[in-house]
1. Got at least one residue in region 232-249 being farther than 24 Å from Thr151 by Cβ and more than 15 Å from the chain's Cα centre (by Cα)?
2. Scan region 115-137 residue by residue and report those that are over 26 Å from Pro85 (Cβ atoms) and at pLDDT below 80.
3. Looking only at residues in region 254-263 that are at pLDDT below 70 and part of a helix (DSSP H, G or I), which one is surrounded by the fewest Cβ atoms within 10 Å (Cβ to Cβ)?
4. For region 222-240, which residues satisfy the criterion of being within 27 Å of Leu46 (Cα to Cα) and either of a type in the set (Ser, Thr, Tyr) or part of a helix (DSSP H, G or I) (or both)?
5. Quick one: would you say Val189 is at negative phi and in contact with an Asp or Glu (Cβ under 7 Å, 6 or more places away or on another chain)?
Amino acid sequence: MPFLHIALAVFIQILWGPIYTLAKPAVESWFSPVLLVTIVYGTVALLLSPFYPRAKTPRKTLFLLAFFGGTLQSTAVYYALMLLPASMAVLLMQLSVPIAIIASWVLGRDKPNVKNGIGALLCLVGVIVVVGKPDATSDYLGILAMLVCVTSWATTQAFIPIVAKDHGTALYAAIARYATPQMIVAALVLEHGTLLPTIEAIPLQGWLGVLGIAAFGFALPYSIWYWLLMRHRVDELTPFTLLMPVFGVVTATWQLGEKLSESIVLGGSIILAGLAVVVWRGKPKAAPIPPAQ
């Protein structure tokens, strides 16, 4: 992977980690998870569609990609953020790495790679250390929501390079256009009784926050992500998301005052070790010396 592409993959995690963590106060104080995701995708569609109004990917495909890679995934992640400590939720997101790798292998896009498999296994061990034994019903529900999130998102990432006809920002603009009406329907069905009072109670600070989430947590990083995804193996790219909890946990500790427990430190270290295994390339093999004539 070229250095520029590595730098872009790291840059995405610098955005995703803090944004997901700082979204926790938003879903606790001002927004319900479904309403927040509805506004975010509507904002992303408005921001990107004037520049990318048409997509080459078939409509049915875009509908399914938007549902599993956007609507379902994003709603589940914000429910998890509402029910779990932000640091735990961000670390649990790393389950997407082994799931995406396995899905890509099953679909035949990538061939099984022992080194990447070991790295993904280390990631899974790290997540287990972080989670430990849930303490309350809300923890179980939050973990379940995050499992739905990572399974839906990771499987979609494996499918995108196979079925999508668009790249980067054009693809994400189309996904946002399809996810927005899906989220509006979900908001009306799930939150019809509290929707209007909730919107009326949102302060200016909340609206500015959701605009920041839409621009720097969704539009910019996902546009770069989908551009990279069309150019690299899934089992090479998704392990970079293991850097997300580094920035997310630091933000949760610094801004939200969450306690940095021993299990989070140990599990996070194991997760980063898994990333190191995946991205390590070793010394290139020397070319064979041709026999003397």
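1. No, that holds for no residue.
2. Across region 115-137, the qualifying residues are Lys115, Asn116, Gly117.
3. Only one residue tops the list, namely Trp254.
4. Tyr222, Ser223, Ile224, Trp225, Tyr226, Trp227, Leu228, Leu229, listed by residue number.
5. The answer is no for Val189.
For (1) modelled with pLDDT of 85 or more; (2) over 13 Å from Gly70 (Cβ atoms); (3) aliphatic (A, V, I, L, M); (4) in a helix (DSSP H, G or I), each residue gets a yes or a no:
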| site | (1), (2), (3), (4) |
| --- | --- |
| Ala174 | yes, no, yes, yes |
| Arg177 | yes, no, no, yes |
| Thr180 | yes, no, no, yes |
| Val185 | yes, yes, yes, yes |
| Val189 | no, yes, yes, yes |
| Leu196 | no, yes, yes, yes |
| Glu200 | no, yes, no, yes |
| Gly206 | no, yes, no, yes |
| Leu220 | yes, yes, yes, yes |
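The values are calculated or read from the model by the stated rules, or taken from the named source; none is laboratory data. Every value quoted in this text rests on a predicted model; they were computed, and no experiment measured them. Every residue, glycine as well, gets a Cβ built from its backbone with ideal geometry; the counts of neighbours run over all protein chains shown.
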